[in-house]
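Here is the structure we will look at, set down as structure tokens.
Just so it is clear, none of the values below were taken in a lab; they were calculated from the coordinates. Since we're looking at a predicted model, the values are computed, not measured. With ideal geometry, Cβ positions are generated from the backbone for all residues, glycine too; neighbour counts draw on all protein chains shown.
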Amino acid sequence: MLTIQVDNPVYRFAPSPNGFLHLGHALSALLNHDMATTDHGRFLLRIEDIDLARCTPEFEAAIYRDLAWLGLDWERPVRRQSEHFDAYRAALDRLTDMDLVYPAFLTRSDVKARVAAKEAEGKLWPRDPDGSPLYPEDDRHRSKAERQSLIGSGVKHAFRLDMAKALRLLGRPLSWTETGDGRRGDIPADPSAWGDVILSRSDAPSSYHLSVVVDDAMQGITRVVRGLDLFEATAVHRLLQELLDLPEPVYHHHRLILGPDGRKLSKSEGSTGLAALRNQGLDPTDVRRLVGL
């Protein structure tokens, strides 16, 4: 059994207020809280509201209500991503100064069309661990003058990490320490499998990948406990931590709560929502039983 000793461990639960919490969220929140309690550590709450178009105050209030109903308590004040855009911009600027970031102009429709055309020829398009097609290389190879011309003409763009250049600069293998429900121990990290990941978009000042590593560092998180659906993404997070000189937490990826179709639960599934279960007369003990705790 792998045992990790961390002085004053700090855990966090980090939901997005773009829907109501469900049983999958309950498992993650309860695990974080229980492990923090067992380890005599701290339990923090972070509201990941970087997507201002989908996140609402109503859903945020529901998060606090559901967690309190579960019997959880957390330190105040709560960190809200929407209050820390400057920190994400500073991280992006640092990577830009390292010449690791480029503006990306292809839309999702552009990429989809490119993939469809190649696959129609019977050729395979490389995909990331989640099954999404990797971003084409066109924008990575544009000249500085061409990039400035496109930006100056008002073409919407995102900023992406030049993965190949970042890995060359790092110059050494990556790994992370894992204590979760899947593979355990020292896990080799392969961020190249994700291609040139987005760091910032025109409609959001930071991507999940960039904001999560900045947030974890600024909150002093030492133990990241989250679902197995983010296991492979940890490779990208480890790369960004190394590039930005951020501390490395210990990771614990837990099993997922699956729906009747065998897929992980969605916020759109009202039957598994904590508010719906509460209205049906269930109590926190029932929820613990439903999630296997």
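Say R0 is 45 Å: what FRET efficiency, to the nearest 0.05, do R80 and W125 get from their beta-carbon distance?
The value I calculate is 0.75.
So which residue, out of A275, A235, A116, gets the largest mean-square fluctuation from a GNM of the chain using Cα contacts under 10 Å as springs?
A116
Using only helices, what value at 222 nm comes out for the chain when you add -39,500 (n - 2.57) per DSSP H run of length 4 or more and divide by the total residues, to the nearest 500 deg cm²/dmol?
Calculated mean residue ellipticity at 222 nm is -11000 deg cm²/dmol.
Round to the nearest 10 and give me the degree value, 0 to 90, for the angle of helix 108-120's Cα axis relative to the longest principal axis of the chain.
Orientation of helix 108-120: about 70 degrees from the principal axis.
Along Cα→Cβ, 7 Å out, is where each label goes; now give me the distance between the ones at N18 and T56 in nm to one decimal.
Result: 1.5 nm between the two label points.
So which trypsin sites (Lys or Arg not before Pro) in region 154-210 end up in coil per DSSP with only 14 or fewer other C-beta atoms within 10 Å?
Answer in residue order: K156, R183, R184.
For region 46-52, just list the computed ³J(HN,Hα) in residue order, Karplus coefficients 6.51, -1.76 and 1.60, θ = phi - 60°, integers in Hz, with x standing in for Gly and Pro.
10, 9, 8, 9, 5, 8, 5
So how tilted is helix 57-69 from the main axis of the chain? Cα-based, degrees 0 to 90, rounded to 10.
Taking Cα atoms only, the helix is inclined about 40 degrees.
Report the extension gain between T177 and A275 in nm, rounded to one decimal, defined as 0.36 nm multiplied by the number of residues separating them, less their alpha carbon distance.
Stretched out fully, the T177 to A275 stretch lengthens by 31.8 nm.
Can you list residues whose amide H is under 5 Å from G227's amide H, if they're 5+ apart or on another chain and H is modeled 1.01 Å from N?
H254
Would you kindly compute the Cα radius of gyration of region 164-278 and its largest Cα-Cα separation (Dmax), both in Å?
16.1, 52
Consider the candidate values (1) 0.98; (2) 0.95; (3) 1.04; state which one is Rg/Rh (Cα atoms, Kirkwood Rh) computed from the structure displayed.
(1)
Normalise the Cα radius of gyration of region 29-79 by 2.2 N^0.38 Å (N = residues in it) and let me know the number.
That ratio works out to 1.24.
Compute the acute angle (0 to 90°) between the alpha-carbon long axis of helix 234-243 and the principal axis of greatest extent of the alpha-carbon atoms of the chain; round to the nearest 10°.
60
Taking the Cβ of S132 as the centre, find all other residues whose Cβ is under 11 Å away and add up their charges (Lys, Arg: +1; Asp, Glu: -1).
+1
Starting at the first residue of region 274-279, write each ³J(HN,Hα) from the Karplus equation 6.51 cos²θ - 1.76 cosθ + 1.60 with θ = phi - 60°, in whole Hz, x for Gly and Pro.
Computed from phi, the couplings for region 274-279 are 5, 5, 5, 5, 5, 5 Hz.
Taking θ = phi - 60°, what integer Hz values does the Karplus form 6.51 cos²θ - 1.76 cosθ + 1.60 yield along region 21-38, in sequence order, with x for Gly and Pro?
Here the 3J(HN,Hα) series is 5, 10, 4, x, 5, 4, 4, 5, 5, 5, 4, 4, 5, 5, 5, 5, 5, 4 Hz.
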